[in-house]
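Visitor: First the structure, which I've put down as structure tokens, then a few questions once you've had a look.
The values are calculated or read from the model by the stated rules, or taken from the named source; none is laboratory data. Keep in mind that this is a model prediction, so the values were computed, not measured. Here the Cβ positions follow ideal geometry from the backbone for every residue, glycine too, while neighbour counts run over all protein chains shown.
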Amino acid sequence: MLRFQRFASSYAQAQAVRKYPVGGILHGYEVRRILPVPELRLTAVDLVHSQTGAEHLHIDRDDKNNVFSIAFKTNPPDATGVPHILEHTTLCGSVKYPVRDPFFKMLNKSLANFMNAMTGPDYTFFPFSTTNPQDFINLRGVYLDSTLNPLLKQEDFDQEGWRLEHNSITDPESEIVFKGVVYNEMKGQISNANYYFWSKFQQAIYPSLNNSGGDPMKITNLKYNDLLDFHHRNYHPSNAKTFTYGNLPLVDTLKYLNQQFSGYGKRARKNKLLLPIELNKDINIKLPGQVDTMLPPEKQIKSSMTWICGAPQNTYETFLLKVLGNLLMDGHSSVMYQKLIESGIGLEFSVNSGVEPTTAVNFLTVGVQGVNDTQLLKNTVDRIFQELLEADCPFDRKRIDAIIQQLELSKKDQKADFGLQLLYSVLPGWTNGIDPFENLLFDEILQRFRNDLKTKGDTLFQDLIRKYVTNKPCFTFSIQGSEDFSKSLEDEEQARLKKKTDTLDDQDKKNIFKRGILLQEKQNEKEDLSCLPTLQIKDIPRTGDKYPIEKKNISLRRITDTNGITYIRGKRILNDIIPYELFPYLPLFAESLTNLGTTKELFSEIEDQIKLHTGGISTHVEVTSDPSTSEPHLNFGFDGWSLNSKSDHIFKFWSKILLETDFRKNSDKLKVLIRLLASSNTSSVADSGHAFARGYSAAHYRSSSAISETLNGIEQLQFINKLHNLLENEEDFQREVVDKLIELQKYLVNAKDMKFFVTSDSDAQAQIVESQISKFMKTLPDDKCLLSGPKTSAYPLIKSEGKPTLIKFPFQVHYTSQALSGVAYTHKDGAALQVMSNMLTFKHLHREVREKGGAYGGGASYSALAGIFSFYSYRDPQPLNSLETFKNSGQYVLDDAKWGTTDLDEAKLTIFQQVDAPTSPKGEGVTYFMSGVTDDMKQARREQLLDVSLLDVHRVTEKYLLNKEGVSTVIGPGIEGKTVLPKWEVKEL
């Protein structure tokens, strides 16, 4: 057991004791313990509410981005998704705030930079963060009343959970179908092959956890009364854990919590610690799953091997297991990567690979996707573990030192959302009996590890392997992609629907029709929202934060509190240099630099050195739009960060990867990289299909958007798939891939048009970096004969002849977008377009697309820099209806919206949540370096946003939306008789 009573100094101890006296009572809460953690600049306070037994963890830290959360232990009784549906419905109105969806409506009455509600495997929590003290009070009140006193109406259950309803609500003769926000959300989730694999793995090895999110096949078994019972049993202060973080006074929150909990007594805690299966023998499970259309037939198996390795309650052993997992599977030098991925047994690690503390146990899992011989996988993994036990020094000490270095650097790297990240790290264990203080004892855990490593060496890890892995029962789980899988899900849904509709008589059908009409009427009702607390426009400062930057030759510098770290960004401007045909290769080139290796060194050796001496090195290619003209700026970027004393290492590694990467010698590793990229394409679309649809639509309007589509969108996925198909033909591979990357290297690695941005904590350190930049620049070629190419601004747009486009994927739901052209960042109309997009989202599209249409999400957005106005829907069961709603939105704003000043002000509040979101020290001033937006431009934009009037909103609606034919894109399965040629462009991937 690690010690808790330890202090940085007698002064710190005295200060903490005065503020939080152990044993003292603060508004009904007993202070049980305090823990100053000087290395993280915080003091943790553990309290318990005497009347109810509710536990509270406070993190006192000088940070204005304050966090609040209330969490409940919610063991799911079955796979109907009752914890998930309850999470949604608690936010649909409460006793004190009896309006439909107060949570969503608070999004535009607040300056919170984060608001959410989340369902974990066996807990549910409701966090927010804000820098405004009054906002903190407002949201705290809404969150507590929503969770403890929700209305939980039948219609909320129907809307958010599931219901039977006519496909066309106004037509009683139309077919009856399943609808519901969570129902469609989870249908979308199982369309993601990675999620489906993880979900089925969890259900197989940990059946007692059921499926808290909900299995669509089971969700339709949930009854309204089940929801009410689950809330009564679980959403009680005795089962609650509340959390606060930041610089606001703790006593204010304790006083309020004590008032809210005053009507409750103390309950015995009945939520037991759930256990996984008893793994007393080898278990092998195989299931069918979604086929990945971008991978060949022989690469459709995902398979993993799992061992149960003790309990997360043993904090130190869990830490050691995580280090072991890192040594086994993280990076190019890890033994599992080399022998499973580089060898070609699999394309990449499966989503469940690594060490995962889950409720009562730790899982160590080694798995791959794209495997065609599961027995070979098993034999190889078993052999690897045996060889690790037989070796005298199985793990390179430098790799272990590098892990320690990364842990220490992560502690010093200041993040804007530190409070939220701390909450995420302690909550899963805290709800299952793990003392949250143990996760805060960073230095003590690390020091114990150093001592054990010194005395025991690699036997520290070999003992873990002997204890839990070798000759121990193993859980093998595999999913085989099946061409018929998507059809089988559709057939199952139809059979389940038929079973329910067959029992309906005429009166039942009339009731369903009436209930659908009633729900729509309630969704259309104009509500009195005066009960909801709100901030005012006056709460938004008219002057925004500025981050002074010094210009020094080819570099910019920002001096700020970086906690002893230096961040360096470099970029080369690529405009009018590169032939168009090489643009699709740019992302692969950037990825290759941190994956292949040089003529003399394997990248595994380089990577270990990077981790030992820096916080990380990265390379990337991106396109931005000029803030004044919207013309594209194409940049090749490379970043790095380290302790001040090690900043020279950043330049050494940059020189190595930029100048010495050998594409021909390392062509086999290049093939591994392409296979890995291809293997994750479909899952990335399932995760963010609306973003892909939006990007594809936008590429019809601006060259910057067209380039972005080539680099990051559907076209890039197609390109990687094309390269993947060349891997078996060596001649084609060398000509079409290797030669092109070598050619790009000549274009990109050059001293001309190179710029740098340095963030550090002193002028002295910045000057040291300046000299390091000068030395680095002298190592780069300056070959002017290659520095000419076609105009980047003339890059060809996508053409679709005025037709909507269907991009076919084997999903259960759709993702949609409709895009229109806007204006440059500095144009005065941009602010009004941004405000109007927000008003459409919150005052119209949320109701039409989500509440009525059943999509998980939908709205409008305006990209200020790209100058693109977009509509979108996410996991949408009715994509064509959504497109029609988007098309008619301009008319709605002008004829039907009847928006007032309050609506306008709320839109501005929502926009400024992100405009004024806290920035980490490393992010200060970076916008100017990356996109050319100056502080003066940002201030002008700020004032434009604050000054937008309702007349402005109507003016830009008429000018940019009304009667304009946007470009529409739908991603998902075909809709029979609808999304077909010749009325649609159909893109097969």
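Visitor: Would it be correct to say that residue 286 is buried (at least 18 other Cβ atoms within 10 Å of the Cβ), charged (D, E, K, R) and under 19 Å from residue 194 (Cα atoms)?
Guide: It is false that residue 286 is buried (at least 18 other Cβ atoms within 10 Å of the Cβ), charged (D, E, K, R) and under 19 Å from residue 194 (Cα atoms).
Visitor: So, one more: Go through the range 427-481 and give me each residue that's closer than 26 Å to residue 197 by Cβ, of a type in the set (A, V, I, L, M) and under 26 Å from the mean Cα position of the chain (by Cα).
Guide: Once the filter is applied, which keeps residues that are closer than 26 Å to residue 197 by Cβ, of a type in the set (A, V, I, L, M) and under 26 Å from the mean Cα position of the chain (by Cα), the range 427-481 yields 427, 479.
Visitor: Would you check if there is a residue in the range 860-873 being of a type outside the set (Phe, Trp, Tyr), under 23 Å from residue 186 (Cβ atoms) and touching a Lys or Arg at 6+ places or on another chain (Cβ under 9 Å)?
Guide: Within the range 860-873 (the criterion being of a type outside the set (Phe, Trp, Tyr), under 23 Å from residue 186 (Cβ atoms) and touching a Lys or Arg at 6+ places or on another chain (Cβ under 9 Å)), the answer is yes, since at least one residue qualifies.
Visitor: Quick one: residue 298 ticks every box in (1) under 29 Å from the mean Cα position of the chain (by Cα); (2) within 13 Å of residue 369 (Cα to Cα); (3) surrounded by fewer than 20 Cβ atoms within 10 Å (Cβ to Cβ) bar one, so which box is it?
Guide: For residue 298, the failing item is (1).
Visitor: Only residues that are assigned to a loop (DSSP other than H, G, I, E, B), closer than 25 Å to residue 241 by Cβ and of a type outside the set (Asp, Glu): list them for the range 405-432, please.
Guide: 415, 416, 431, 432
Visitor: Also, I was wondering about something else. Quick check on the range 740-779: of everything there that is polar (S, T, N, Q) and assigned to a strand (DSSP E or B), which residue is nearest to residue 583 (Cα to Cα)?
Guide: Checking each candidate, the answer is 759.
Visitor: Condition test on residue 273, is it among the aliphatic types (A, V, I, L, M) and either at pLDDT 95 or above or under 30 Å from residue 375 (Cβ atoms) (or both)?
Guide: So residue 273 fails the test.
Visitor: Follow-up question, since we're still on this one. Could we say that residue 159 is surrounded by 23 or more Cβ atoms within 10 Å (Cβ to Cβ) and within 30 Å of residue 504 (Cβ to Cβ) here?
Guide: Yes.
Visitor: Would a scan of the range 264-279 turn up a residue that is part of a loop (DSSP other than H, G, I, E, B), among the acidic types (Asp, Glu) and assigned by TED's automatic domain parsing to the domain that holds residue 363?
Guide: no
Visitor: Which of the residues belonging to the range 780-794 are part of a helix (DSSP H, G or I) and free of Cβ contacts under 8 Å to residues at least 60 places away in the same chain?
Guide: 784, 785
Visitor: Follow-up. Is it true that some residue in the range 502-515 is surrounded by 14 or more Cβ atoms within 10 Å (Cβ to Cβ), of a type in the set (Val, Ile, Thr) and under 27 Å from residue 139 (Cα atoms)?
Guide: Looking through the range 502-515, none of the residues is surrounded by 14 or more Cβ atoms within 10 Å (Cβ to Cβ), of a type in the set (Val, Ile, Thr) and under 27 Å from residue 139 (Cα atoms).
Visitor: Next question. For the range 944-989, how many residues meet the condition of being among the hydrophobic types (A, V, I, L, M, F, W, C) and either free of Cβ contacts under 8 Å to residues at least 24 places away in the same chain or touching a strand residue (DSSP E or B) at 6+ places or on another chain (Cβ under 6 Å) (or both)?
Guide: Residues flagged as among the hydrophobic types (A, V, I, L, M, F, W, C) and either free of Cβ contacts under 8 Å to residues at least 24 places away in the same chain or touching a strand residue (DSSP E or B) at 6+ places or on another chain (Cβ under 6 Å) (or both) within the range 944-989 amount to 8.
Visitor: For residue 496, are the conditions met, namely being among the charged types (D, E, K, R), over 30 Å from residue 946 (Cα atoms) and part of a helix (DSSP H, G or I)?
Guide: yes
Visitor: Also: Need the failing condition index for residue 452 against (1) surrounded by 15 or more Cβ atoms within 10 Å (Cβ to Cβ); (2) in a helix (DSSP H, G or I), just the number.
Guide: Just one mismatch for residue 452, condition (1).
Visitor: Restricting the range 788-817 to residues that are closer than 16 Å to residue 708 by Cβ and hydroxyl-bearing (Ser, Thr, Tyr), which is surrounded by the most Cβ atoms within 10 Å (Cβ to Cβ)?
Guide: Per the stated criteria, the residue is 817.
Per-residue answers, yes or no, for (1) surrounded by 17 or more Cβ atoms within 10 Å (Cβ to Cβ); (2) closer than 24 Å to residue 293 by Cβ:
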position	(1), (2)
936	no, no
942	yes, no
952	yes, no
962	no, no
965	no, no
980	no, yes
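Visitor: Determine which member of the set 221, 258, 225, 211 is within 28 Å of the chain's Cα centre (by Cα) and either assigned by TED's automatic domain parsing to the domain that holds residue 349 or not small (Gly, Ala, Ser) (or both).
Guide: Just a single option satisfies the conditions, and that option is 211.
Visitor: So which residues in the range 191-217 are surrounded by 24 or more Cβ atoms within 10 Å (Cβ to Cβ) and either free of Cβ contacts under 8 Å to residues at least 12 places away in the same chain or β-branched (Val, Ile, Thr) (or both), if there are any at all?
Guide: Within the range 191-217, no residue meets the criteria.
Visitor: Please state which one of 335, 291 is out of contact with any Gly (no Cβ under 8 Å at 6 or more places or on another chain) and surrounded by 16 or more Cβ atoms within 10 Å (Cβ to Cβ).
Guide: On inspection, the qualifying residue turns out to be 335.
Visitor: Can you pull out the helices (runs of 4 or more DSSP H) entirely within the range 36-150 that have at least 1 residues that are surrounded by 22 or more Cβ atoms within 10 Å (Cβ to Cβ) and modelled with pLDDT of 95 or more?
Guide: Correct list: 82-89, 133-148.
Visitor: Further question: Just to be sure I understand the filter: pairs with C-beta atoms under 7 Å, separated by 6 or more residues or on different chains, first member in the range 44-67 and in the same structural domain as residue 248 (by TED's automatic domain parsing), second member among the aliphatic types (A, V, I, L, M) and assigned to a loop (DSSP other than H, G, I, E, B). Which pairs pass?
Guide: 65/416; 66/248
Visitor: If a residue has to be touching a Ser or Thr at 6+ places or on another chain (Cβ under 7 Å) and surrounded by 20 or more Cβ atoms within 10 Å (Cβ to Cβ) to count, how many in the range 578-591 make the cut?
Guide: Summing the residues that are touching a Ser or Thr at 6+ places or on another chain (Cβ under 7 Å) and surrounded by 20 or more Cβ atoms within 10 Å (Cβ to Cβ) in the range 578-591 gives 2.
Visitor: Name, by its number, the condition in (1) surrounded by fewer than 20 Cβ atoms within 10 Å (Cβ to Cβ); (2) under 25 Å from the mean Cα position of the chain (by Cα); (3) small (Gly, Ala, Ser) that does not hold for residue 667.
Guide: All conditions are met except number (2).
Visitor: Here are 930, 937: which of them is assigned to a helix (DSSP H, G or I) and either among the charged types (D, E, K, R) or within 24 Å of the chain's Cα centre (by Cα) (or both)?
Guide: Going through 930, 937 in turn, just one is assigned to a helix (DSSP H, G or I) and either among the charged types (D, E, K, R) or within 24 Å of the chain's Cα centre (by Cα) (or both): 930.
Visitor: Now, a different point. Would you please name the residue that is surrounded by the most Cβ atoms within 10 Å (Cβ to Cβ), looking only at residues in the range 871-929 that are of a type in the set (Ser, Thr, Tyr) and within 30 Å of residue 415 (Cβ to Cβ)?
Guide: Among them, the one singled out is 872.
Visitor: Something else about it: Can you tell me how many residues in the range 430-443 are of a type outside the set (Gly, Ala, Ser), surrounded by fewer than 19 Cβ atoms within 10 Å (Cβ to Cβ) and out of contact with any helix residue (DSSP H, G or I) (no Cβ under 9 Å at 6 or more places or on another chain)?
Guide: Residues that pass the stated criteria total 0.
Visitor: Go through the residues of the range 555-567 one by one and say whether even a single one is assigned by TED's automatic domain parsing to the domain that holds residue 762 and within 26 Å of residue 792 (Cβ to Cβ).
Guide: Yes, the range 555-567 contains a residue that is assigned by TED's automatic domain parsing to the domain that holds residue 762 and within 26 Å of residue 792 (Cβ to Cβ).
Visitor: How many residues, within the range 536-562, are surrounded by 15 or more Cβ atoms within 10 Å (Cβ to Cβ), touching an Asp or Glu at 6+ places or on another chain (Cβ under 6 Å) and in a loop (DSSP other than H, G, I, E, B)?
Guide: 3
Visitor: Of the numbered conditions (1) more than 21 Å from residue 68 (Cβ to Cβ); (2) part of a helix (DSSP H, G or I), residue 254 fails exactly one; give the number of that condition.
Guide: So residue 254 meets the others, but not (1).
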